[in-house]
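Let me begin by presenting the structure, written as structure tokens, before commenting on it.
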Amino acid sequence: MLACEGLSVSYQGRNVFKSVTYSFGSGVYALRGANGIGKSTLLRLLSGAQSPDAGRVWIGGIDLMREPQAAKQLLSYVPDESPVYPFMTGHELLEFVASVKRVPINGLVQELTVAFGLPPHLQTRFDAMSLGTQKKFLLCAAWIGAPKVMLLDEPSNGFDHASRERLIKLLQDWGRNNIVLFSTHDEEFVASCQAVVIDMHQLIDTRPVSNNASGQHAA
């Protein structure tokens, strides 16, 4: 459902990582590693938000580089920082994502906006929202189109306890038949999601790494 081969990227002449090869079965996965090791970069590469120096990514068997539109129909990506235009409202973001994916805003997304306490903010501009509210809207938008692959960077940042518990349950449920891959420094969140931990040191080793559908990985 999600795989990469020979993925390499550098920044200002320094290798971030080289020749990463990995495949994921359905489940919930958490990237672990120190700041600057490349967790956010890997999520950007897997989502198509950043181009690699070398390597390939497949989403549901579709080559992300060769057929980006078809591949991106199967995935959603939520960065740590909000990339939304400051003048856009919460409602406009949801409508925009639905129009791009050519699908309606389904009942689950509407339920999430309520569970996250967002109805009072639907007409609020993003530049007037707190960081937590911005992240909640981005996560609601992530479920539009029922993606098979979800890539989330620090998804629990700025969440109150009730919203955090709802998110944990949702990620657990979604991972039964789909892939959820996130980065976080919140070990309690990782444990609560029952996520399989992927150590970035293992990934950036030059030896190929693969993962089977049962959620166990091995070098």
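In the elastic network of the chain, a GNM with C-alpha springs shorter than 10 Å, the most mobile of Ala30, Ala142, Ala191 is Ala191.
Given Cβ point charges of +1 (Lys, Arg) and -1 (Asp, Glu) and nothing else, what value in debye, to the nearest 20, does the dipole of the chain about its Cα centre take? Please report the intermediate quantities before stating the final value.
On the way: 19 positive and 20 negative charges, 85 e Å.
I would put it at about 400 debye.
Could you give the C-alpha radius of gyration of the chain expressed as a fraction of 2.2 N^0.38 Å, taking N as the number of residues it contains? Present the calculation step by step, with values, prior to reporting the outcome.
On the way: Rg = 16.8 Å, N = 219, 2.2 N^0.38 = 17.1 Å.
For the chain, the normalised Cα radius of gyration is 0.99.
Nearest 5 is fine: what % of DSSP beta bridges in the chain come out antiparallel, could you say? Expressed as a percentage, antiparallel bridges in the chain total about 50. Here segment 56-91 is scanned for amide nitrogen atoms under 14 Å from the site 7 Å beyond the Cα of Ala128 along Cα-to-Cβ, giving 86-91. For segment 1-86, the list of trypsin sites (Lys or Arg not before Pro) that fall in a loop by DSSP and count at most 12 other C-beta atoms within 10 angstrom reads Arg66. What FRET efficiency would be calculated for the residue pair Asn106, Ser51, taking the C-beta separation as r and a Förster radius of 35 Å, to the nearest 0.05? Working from the Cβ atoms, E equals 0.65. Remark: segment 145-160, residue by residue, has Karplus-estimated 3J(HN,Hα) of x, 6, x, 7, 10, 10, 10, 10, 9, 6, x, 8, 4, x, 8, 6 Hz, where x stands for each Gly or Pro and the curve is 6.51 cos²θ - 1.76 cosθ + 1.60 at θ = phi - 60°.
List the chymotrypsin sites (Phe, Trp or Tyr not before Pro) within segment 41-110 that fall in a DSSP loop (any state other than H, G, I, E or B) and whose Cβ has at most 14 other Cβ atoms within 10 Å.
Values: sites: Trp58, Tyr77, Phe87, Phe96; in loops: Phe87.
Answer by residue number: Phe87.
Would you please give the FRET efficiency between Asn157 and Met88, computed as 1/(1 + (r/R0)^6) with r the Cβ-Cβ distance and R0 = 22 Å, to the nearest 0.05?
0.65
The phi torsions of segment 40-46, fed into the Karplus equation with coefficients 6.51, -1.76 and 1.60 and a -60° offset, translate into couplings of 5, 4, 4, 4, 5, 5, 5 Hz, rounded to whole numbers, with Gly and Pro shown as x. Distances between placed amide hydrogens fall under 5 Å for Phe182 paired with Tyr29, Ala30, Leu31, Leu152, all partners being 5 or more residues away or on another chain.
Taking loop as defined by DSSP and a crowding limit of 10 other beta carbons within 10 Å, which trypsin sites (Lys or Arg not before Pro) in segment 115-179 fit?
Here the sparse-neighbourhood loop sites are Arg176.
Between segment 80-152 and segment 1-59, the C-alpha centres lie 25 angstrom from each other.
Would you compute, from DSSP H runs of 4+ residues alone, the mean residue ellipticity of the chain at 222 nm, taking -39500 (n - 2.57) per run and dividing by the full residue count, rounded to the nearest 500?
Numbers: 8 runs with 71 residues, N = 219.
Result for the chain, helices only: -9000 deg cm²/dmol.
Readers should treat all values here as calculations from the given coordinates under stated rules, not as data from a laboratory. On a predicted model such as this, the values are computed, not experimentally measured, just so you know. Positions of Cβ are backbone-derived with ideal geometry, glycine not excepted, and every protein chain shown enters the neighbour counts.
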